[in-house]
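A.B. asks: One structure coming up, written as structure tokens, with questions to follow.
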Amino acid sequence: MKSELRDKSRDAKFGVYFIGTTPPREGVPLNKVEEVADKLVARLDKIDFDGLIVYDIQDESSRTEVKRPFPFSKTFEPCHYSQILNNKTNKPIITYKSVAQRDKAEFTQWLDTSWQLYGVRDIVLVGSPSADGQQKLSLPEAYQAQQEHHKNYYLGGVTIAERHSKKGDEHLRMLEKDKQGCEYFISQAVYDAAATIDMLANYARECRVQQMRPRRIILTFTPCGSEKTMDFMEWLGIAIPDATRWRILESKDPLNESIQICRSNLNQIIEACMSLDIPLGLNIESLTNRKEEIDASIRLYKLLKATLDLALAERELVNVEAEFNKKGS
């Protein structure tokens with residue numbers, strides 16, 4: 001069975017829409033894991049989505065000396081959780097995989113097992129969180145192993161606008177990952193629209209220079225309802241401008257304020273980048289297990305999906321009218 005998501009994502013006229021989630025903690029009994037999955041599926045009952053994204057949580061303490069705001073906990077096997085969610089939703093599941101902890105032979109075995117045992121077809125590979133961390137397999141080596149593998153995974157990569165702001169070369173990283181087999185990209189959570197716009201504009205320009213077709217870019221957004229959540233976001237490397245930080249924290253309703261900021265950021269990205277012909281998508285996640293933030297992520301999903309759907313429909317109408325006028329002349 002091939003990836004359904006690859007076929008669905010090819011049509012750039014339409015967006016693709018995901019909900020991001022994290023598996024339960026390691027050691028939770030399977031029946032409790034099923035209950036957690038059932039609760040998630042129940043929340044999604046009334047929304048139209050294309051699939052789910054299941055993260056492979058890493059201990060990123062080597063990336064920064066700042067103490068992690070929430071303690072790190074290992075999770076239930078992401079591939080198994082993806083299989084559970086796929087069975088319950090009948091939707092494609094993108095599964096993240098951290099590759100640094102295994103050598104090439106172990107990673108190749110994982111590719112076999114995830115496909116055959118868990119039915120995984122869509123993956124995003126991530127490397128070591130820092131150069132100082134233990135690394136048995138680099139990300140380029142993992143891409144090479146995946147290309148040599150006999151199963152045709154729909155492979156994606158991560159893109160980080162904050163890294164582009166610092167180094168100015170994220171668009172080149174994306175093109176290199178494209179050449180290594182990546183067919184789409186998922187961004188880190190967006191709270192700085194300007195950084196994302198700059199990265200996308202550079203990416204589109206370099207694609208034209210190299211005569212490469214821009215890949216689908218799935219923009220991630222997340223609500224924020226407390227200072228501790230914001231501290232965690234910043235610990236993860238998400239850039240939050242000072243004005244945005246205080247606008248949320250000093251609001252009478254921080255969660256709703258963060259939702260409005262996310263909508264504004266998406267509108268800015270659409271206005272600046274819709275003409276670049278980069279196929280876009282959305283991934284909405286909650287970074288905590290607080291019920292208020294999880295519920296807010298569903299509200300955010302509905303709002304942002306409607307926003308992008310409208311922008312794509314308007315662009316298609318403009319294109320149709322232009323084609324009609326061209327034939328008429």
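A.B. asks: Place the peptides 34-41, 261-268 in order of packing, highest mean first, counting for every residue the other Cβ atoms within 10 Å and averaging per peptide.
C.D. replies: On the way: 34-41: 14.9, 261-268: 18.6.
Most protected by this proxy first, the peptides run 261-268, 34-41.
A.B. asks: If you don't mind, another one. Could you please report the charge total around residue 46, scoring K, R as +1 and D, E as -1 over all other residues with beta-carbon less than 15 angstrom from its beta-carbon? Could the numbers behind the result be given before it?
C.D. replies: Numbers: positive: 39, 43, 91, 299, 302, 305; negative: 45, 48, 295.
Within the 15 Å Cβ shell, the charges total +3.
A.B. asks: List every residue whose amide H lies under 5 Å from the amide H of residue 53, counting only residues 5 or more places away in sequence or on a different chain, with H placed 1.01 Å from N in the peptide plane.
C.D. replies: Under 5 Å from the amide H of residue 53: 19, 20, 21, 94.
A.B. asks: What ranking of 91, 46 emerges when the number of other C-beta atoms within 10 Å of each C-beta is taken as an exposure proxy, fewest first? Let's see the in-between values first.
C.D. replies: Working: 91 17, 46 8.
Ascending Cβ contact count within 10 Å gives the list 46, 91.
A.B. asks: Provide 95, 288 in ascending order of the number of other Cβ atoms located within 10 Å of each residue's Cβ, fewest first.
C.D. replies: Details: 95 27, 288 21.
So the ranking, lowest neighbour count to highest, is 288, 95.
A.B. asks: Residue by residue through the range 35-45, which ³J(HN,Hα) values in whole Hz follow from phi under the Karplus form 6.51 cos²θ - 1.76 cosθ + 1.60 (θ = phi - 60°), with glycine and proline marked x?
C.D. replies: 5, 4, 4, 4, 5, 4, 4, 4, 5, 8, 4
A.B. asks: Another question, then. If you take the charge dipole of the chain about its Cα centre, with +1 on Lys and Arg Cβ and -1 on Asp and Glu Cβ, which of 145, 93, 317 is farthest toward its positive end?
C.D. replies: Most positive-ward Cα: 317.
A.B. asks: Let me ask something else about it. Search the structure for amide H atoms under 5 Å from the amide H of residue 220, placed 1.01 Å from N in the peptide plane, and list their residues when 5 or more places away or on another chain.
C.D. replies: 187, 190, 283
A.B. asks: Through the Karplus equation 6.51 cos²θ - 1.76 cosθ + 1.60, θ set to phi - 60°, convert the phi angles of the range 207-218 into ³J(HN,Hα) values in whole Hz; use x for Gly and Pro.
C.D. replies: Rounded to whole hertz, the list is 4, 5, 4, 8, 6, 10, 7, x, 8, 4, 10, 9.
A.B. asks: With Cβ to Cβ distances under 9 Å as the rule, what net charge do the other residues near residue 121 carry (K, R +1; D, E -1)?
C.D. replies: Numbers: positive: 2, 6, 151; negative: 4, 122.
Residues close to residue 121 contribute a combined charge of +1.
A.B. asks: Rounded to the nearest 0.05, what FRET efficiency do residue 276 and residue 35 have when you use their Cβ-Cβ distance and R0 = 51 Å? Please report the intermediate quantities before stating the final value.
C.D. replies: On the way: r = 43 Å, r/R0 = 0.85.
Once the sixth-power term is evaluated, E becomes 0.70.
A.B. asks: If you restrict to DSSP beta bridges whose two residues both lie in the range 106-244, what percentage is antiparallel, to the nearest 5? List each step's numbers first, then the result.
C.D. replies: Details: 0 of 11 bridges.
Approximately 0 percent, going by the DSSP bridge assignments.
A.B. asks: A further question follows. Rounding to the nearest 20 debye, state how big the charge dipole of the range 258-329 is about its Cα centre with +1 on each Lys and Arg Cβ and -1 on each Asp and Glu Cβ. Mind showing how you got there, number by number?
C.D. replies: Numbers: 9 positive and 11 negative charges, 25 e Å.
In debye, rounded to 20, the range 258-329 gives about 120.
A.B. asks: Where both residues lie in the chain, what percent of DSSP beta bridges are antiparallel, nearest 5? Please list the in-between numbers first.
C.D. replies: Numbers: 1 of 34 bridges.
Around 5 percent antiparallel, to the nearest 5.
A.B. asks: For the cross-link pairs 46/74; 39/291; 74/151; 8/177; 97/177; 13/179, which exceed 19 Å when the distance is taken from alpha carbon to alpha carbon? Intermediate results must be reported in sequence, preceding the final value.
C.D. replies: Details: 46/74 31 Å; 39/291 11 Å; 74/151 28 Å; 8/177 21 Å; 97/177 16 Å; 13/179 24 Å.
Listed pairs above 19 Å: 46/74; 74/151; 8/177; 13/179.
A.B. asks: Got the relative contact order for the chain handy, in percent, Cα pairs under 8 Å and 6 or more residues apart? Show your work: numbers first, answer last.
C.D. replies: Numbers: 527 pairs, mean separation 60.4, N = 329.
Relative contact order comes out at 18 percent.
A.B. asks: Could I ask something else about it? Cβ under 15 Å from residue 13's Cβ, residue 13 left aside: what net charge do those residues give with Lys, Arg +1 and Asp, Glu -1?
C.D. replies: Values: positive: 8, 10, 213, 216, 315; negative: 7, 11, 50, 277, 309, 314, 316, 321, 323.
With Lys, Arg at +1 and Asp, Glu at -1, the neighbours total -4.
A.B. asks: With charges set only on the Cβ (+1 for Lys and Arg, -1 for Asp and Glu), what does the dipole of the chain come to about its Cα centre, in debye to the nearest 20? Show your work: numbers first, answer last.
C.D. replies: Values: 46 positive and 49 negative charges, 90 e Å.
Computed charge dipole of the chain: roughly 440 debye.
A short reminder: the numbers here are calculations on the coordinates, not readings from a lab. From a predicted model like this one, the values you see are computed outputs, not experimental measurements. As a convention, Cβ positions derive from the backbone with ideal geometry for all residues, glycine included, and neighbour counts pool all protein chains shown.
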